[in-house]
């Protein structure tokens, strides 16, 4: 293998640039030509491909987002779109592809692999919802972004003696809500993985109020309900002065933490190593602090039950600590 390429796809995540940097510089170290594909699979279909050198990725490890940009491509989901993408890769003489993204991005990478083109995935999504890895790129940074917001909200909640409902990202998986809520001392955390009873949530708020508690923080993952819905119920049923904060896309941005920079560097370099050794059709990830590789089919198979026991343990721990 002489030429490889890298693209970012799906939602952006802090740490993507660290992974891009690692792919380019590790590839150069191994004597490979490395190409950057701009705007994800859409850019691949349209030939937005540029050769990169060590200087191309200088001064990016500390930056959020992705210098290669990202987009979603409906065309790539079709046979015709995939054929166009393969033609672009072959025309450039590219022999392997590193795809940095989430579940949808990996399904695209698998389609190329099934057509005989070597691909390796690097998991990058703030939701931490990819099986086969303990952590995905961007998750650690997103949790710290939410935690910083919770700390600031608590200051004003205390000053005004209010209850705040904070809505965070997490459509199908509540890791951001769970980790930030536990670390931020939230009174209740509502996540998709655990059933909840609003009567119990309100009772906990009332019990806290009765023992002199002046403020409360409720963290809601967007996959459970909107913050506005939960806030309206609390205001109506408990009568507490309640405010809503929806953190939204602020959770995606910002300079990556040391952990995400380290993770992106390790995963990006390992992805290149695998391609160089002739391995493909896999995702690189971290399990118990070790870098591992797992077949795409296994990633998709296990994606419905990710760290469920661990999440429920943390969920129950928060219940016992936030009395």
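The values are calculated or read from the model by the stated rules, or taken from the named source; none is laboratory data. On a predicted model such as this, the values are computed, not experimentally measured, just so you know. Every residue, glycine as well, gets a Cβ built from its backbone with ideal geometry; the counts of neighbours run over all protein chains shown.
Scan region 215-231 for residues that are out of contact with any strand residue (DSSP E or B) (no Cβ under 8 Å at 6 or more places or on another chain) and either in a helix (DSSP H, G or I) or surrounded by 23 or more Cβ atoms within 10 Å (Cβ to Cβ) (or both) and jot them down.
Result: 229, single match.
Suppose we filter 231, 239, 170 for residues that are in contact (Cβ under 8 Å) with a residue 40 or more places away in the chain and at positive phi; which single one remains?
Answer to the selection: 170.
The sole residue among 75, 79 that is free of Cβ contacts under 8 Å to residues at least 24 places away in the same chain and surrounded by fewer than 21 Cβ atoms within 10 Å (Cβ to Cβ) is 79.
Each row is one residue, and each column tells you yes or no for (1) outside any helix (DSSP H, G or I); (2) in contact with a helix residue (DSSP H, G or I) (Cβ under 7 Å, 6 or more places away or on another chain).
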{"site": "164", "(1), (2)": "yes, yes"}
{"site": "182", "(1), (2)": "no, yes"}
{"site": "199", "(1), (2)": "no, no"}
{"site": "206", "(1), (2)": "no, yes"}
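If the condition is being buried (at least 19 other Cβ atoms within 10 Å of the Cβ) and out of contact with any helix residue (DSSP H, G or I) (no Cβ under 6 Å at 6 or more places or on another chain), then region 248-265 contributes 252, 263.
At least 2 residues being within 22 Å of the chain's Cα centre (by Cα) is the threshold, and among the helices (runs of 4 or more DSSP H) wholly inside region 1-106 those reaching it are 16-29, 40-45.
A single entry from 189, 126, 100 fulfils the requirement of being in contact with a strand residue (DSSP E or B) (Cβ under 7 Å, 6 or more places away or on another chain) and in the same structural domain as residue 276 (by TED's automatic domain parsing): 100.
To keep it simple, each residue is scored yes or no on (1) modelled with pLDDT of 95 or more; (2) at positive phi; (3) out of contact with any strand residue (DSSP E or B) (no Cβ under 8 Å at 6 or more places or on another chain); (4) assigned to a strand (DSSP E or B).
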residue: 244; (1), (2), (3), (4): yes, no, no, yes
residue: 261; (1), (2), (3), (4): yes, no, yes, no
residue: 274; (1), (2), (3), (4): yes, no, no, no
residue: 301; (1), (2), (3), (4): no, no, yes, no
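Just one of the numbered conditions (1) surrounded by fewer than 17 Cβ atoms within 10 Å (Cβ to Cβ); (2) at negative phi; (3) not assigned by TED's automatic domain parsing to the domain that holds residue 261 is not true of residue 114: (3).
Residue-wise test of (1) surrounded by 21 or more Cβ atoms within 10 Å (Cβ to Cβ); (2) farther than 19 Å from residue 252 by Cβ; (3) modelled with pLDDT under 95.
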{"site": "126", "(1), (2), (3)": "yes, no, no"}
{"site": "136", "(1), (2), (3)": "yes, no, no"}
{"site": "152", "(1), (2), (3)": "no, no, no"}
{"site": "160", "(1), (2), (3)": "no, yes, yes"}
{"site": "164", "(1), (2), (3)": "yes, yes, no"}
{"site": "178", "(1), (2), (3)": "yes, no, no"}
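Scanning region 21-51 for residues that are touching a strand residue (DSSP E or B) at 6+ places or on another chain (Cβ under 6 Å), under 27 Å from residue 259 (Cβ atoms) and crowded, with 24+ Cβ neighbours inside 10 Å yields a count of 6. Taking the criterion of being over 30 Å from residue 265 (Cβ atoms) and in contact with a helix residue (DSSP H, G or I) (Cβ under 9 Å, 6 or more places away or on another chain), no residue of region 88-106 qualifies.
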